[in-house]
Amino acid sequence: MTSVVSNRKACVIGWPISHSRSPVIHGAWLKRYGVDGTYQKIAVPPDELAAFFGRLADDGFAGCNVTIPHKEAVFSLAHHREPSAIAIGAANTVWLDGGKICVSNTDVYGFMTHLAVSAPDWNKRPGAVCVIGAGGAARGVIYGLLEAGATDVRVFNRTLDRAGNLIKSFDRQRVRACAWSDLTADLGDATVIINTTSLGMNGKGCPPVDFTGLDPATIVVDIVYVPLETEFLRRARLAGLVTVDGLGMLLHQAVPGFEKWFGIRPEVTSELRRLVVADIEAH
Ligand code: NAP
């Protein structure tokens, strides 16, 4: 049970931080729910991170979001870590509890909630869930898929060793690493295909997947959200498949933090989405 609190401050920290869209999301919620609080961007260089957290409470912050390059460092300096952060070894959401620094990784929640909302039957058909990429985001996605009951997860990465290392921390009966060169050949029985690489970001590149001949019920997800329709999603759409873009993950991952800091569980609405899309298009 949470209660509305007033005059609260939260922020997002990173280095650099100018690109962050979190202030648009939290700012819209503060306004919509009439909360007496603020949410700002703060550029924190790596050598000032410990000092920033040392004075977080004195500076009046209820907590913060954390982005590149601080996610692992903040995980390390926390006093309490939620299972989502432990599974990934990185944190993106911080709150204070009795002066203690508590962290979670809400990217998992964001990804899984958006998938459940956009494609509720994603785990109903027999077949494989294919994850393209083996970086930090892939770790969260795989953790979320397994927690939700996926039984055949295949991880394709340009650097096969990285995929091999990544899957070591998961149930090896349910996850395996696959060669990049097998990407198209191994997708025949895929029910869900997820791009977690940075390919497609700002219109650059696309995972080498041929969607031709796949079952039209196949769900294709991209976690890259700039542009909103990546080349990967465009090709999937033209092949008649179900597509899910990356923006919903960004919107949903913000929900738990806002609730911790401001005492209201906010809603991800089409109006909020339009606001963030307009911000993406304006920049
Ligand atoms: P990361 O840890 O740096 O991992 C990057 C991944 O992309 C690796 O698997 C890497 O493969 C692959 N890759 C990069 N360039 C490639 C290329 N030219 N060809 C083939 N593979 C390539 O990054 P991350 O933190 O996982 O983030 C990945 C993407 O997810 C970013 O674009 C980020 O913005 C996005 N993201 C979105 C959300 C959201 O809310 N929607 C949340 C988190 C992340 P190698 O291992 O072979 O280098």
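The values are calculated or read from the model by the stated rules, or taken from the named source; none is laboratory data. Note that the structure is a prediction, hence the values are computed from the model and not measured. Neighbour counts run over all protein chains shown; Cβ positions are idealised from the backbone, glycine included. Note: areas computed on protein heavy atoms with side chains; ligands, DNA, RNA excluded. Shrake-Rupley method; radii C 1.70, N 1.55, O 1.52, S 1.80 Å.
So which residues in the range 240-283 are part of a helix (DSSP H, G or I), closer than 23 Å to CYS102 by Cα and not small (Gly, Ala, Ser), if there are any at all?
Selection gives MET249, LEU250, LEU251, HIS252, GLN253, VAL255, PRO256, PHE258, GLU259, LYS260, TRP261, PHE262.
Please go through the range 133-145 and pick out each residue that is over 15 Å from THR191 (Cβ atoms), assigned to a helix (DSSP H, G or I) and of a type outside the set (Val, Ile, Thr).
GLY136, ALA137, ALA138, ARG139, GLY140, TYR143, GLY144, listed by residue number.
On the given criteria, is ALA134 open to solvent by less than 40 Å² (accessible area, probe 1.4 Å), among the aliphatic types (A, V, I, L, M) and within 9 Å of the ligand (Cβ to nearest atom)?
Spelling it out, ALA134 is indeed open to solvent by less than 40 Å² (accessible area, probe 1.4 Å), among the aliphatic types (A, V, I, L, M) and within 9 Å of the ligand (Cβ to nearest atom).
Within the range 21-32, is even one residue open to solvent by 30 Å² or more (accessible area, probe 1.4 Å) and over 22 Å from the mean Cα position of the chain (by Cα)?
yes
Residues in the range 191-204: is at least one without any contact (Cβ under 8 Å) to a residue 24 or more places away in the chain, farther than 29 Å from ILE86 by Cβ and within 15 Å of the ligand (Cβ to nearest atom)? Break it down into steps so the answer makes sense when it comes.
Taking the range 191-204 and keeping what is without any contact (Cβ under 8 Å) to a residue 24 or more places away in the chain, we get 204.
Imposing the further condition that a residue be farther than 29 Å from ILE86 by Cβ reduces the set to 204.
Add one more test, that the residue is within 15 Å of the ligand (Cβ to nearest atom), and what stays is 204.
Yes, the conditions are met somewhere in the range 191-204.
Which residue, of LEU251, LEU228, LEU238, LEU233, is open to solvent by 30 Å² or more (accessible area, probe 1.4 Å), at negative phi and within 14 Å of the ligand (Cβ to nearest atom)?
On the way: LEU251 fails: open to solvent by 30 Å² or more (accessible area, probe 1.4 Å); LEU238 fails: within 14 Å of the ligand (Cβ to nearest atom); LEU233 fails: open to solvent by 30 Å² or more (accessible area, probe 1.4 Å).
Among LEU251, LEU228, LEU238, LEU233, only LEU228 is open to solvent by 30 Å² or more (accessible area, probe 1.4 Å), at negative phi and within 14 Å of the ligand (Cβ to nearest atom).
Could you please let me know if ALA43 is in contact with an Asp or Glu (Cβ under 9 Å, 6 or more places away or on another chain) and open to solvent by less than 60 Å² (accessible area, probe 1.4 Å)? Show your work before the answer.
Details: in contact with an Asp or Glu (Cβ under 9 Å, 6 or more places away or on another chain): no; open to solvent by less than 60 Å² (accessible area, probe 1.4 Å): yes.
For ALA43, the condition - in contact with an Asp or Glu (Cβ under 9 Å, 6 or more places away or on another chain) and open to solvent by less than 60 Å² (accessible area, probe 1.4 Å) - is not met.
Residues of the range 56-69 being open to solvent by 20 Å² or more (accessible area, probe 1.4 Å) and closer than 15 Å to HIS79 by Cα, which ones?
Within the range 56-69, ALA57 is the sole residue that qualifies.
Condition (residue is within 11 Å of the ligand (Cβ to nearest atom) and either of a type in the set (Phe, Trp, Tyr) or more than 21 Å from CYS178 (Cβ to Cβ) (or both)) applied to the range 140-160: is it met by at least one residue?
Yes, that holds for at least one residue.
Among the residues of the range 113-122, is there at least one that is within 15 Å of the ligand (Cβ to nearest atom) and open to solvent by less than 10 Å² (accessible area, probe 1.4 Å)?
yes
State the number of residues belonging to the range 216-225 that are touching a helix residue (DSSP H, G or I) at 6+ places or on another chain (Cβ under 7 Å) and more than 11 Å from the ligand (Cβ to nearest atom).
1
So, in the range 250-267, of the ones that are in contact (Cβ under 8 Å) with a residue 40 or more places away in the chain and out of contact with any strand residue (DSSP E or B) (no Cβ under 9 Å at 6 or more places or on another chain), which residue ends up farthest from ARG32 (Cα to Cα)?
It comes out as LEU250.
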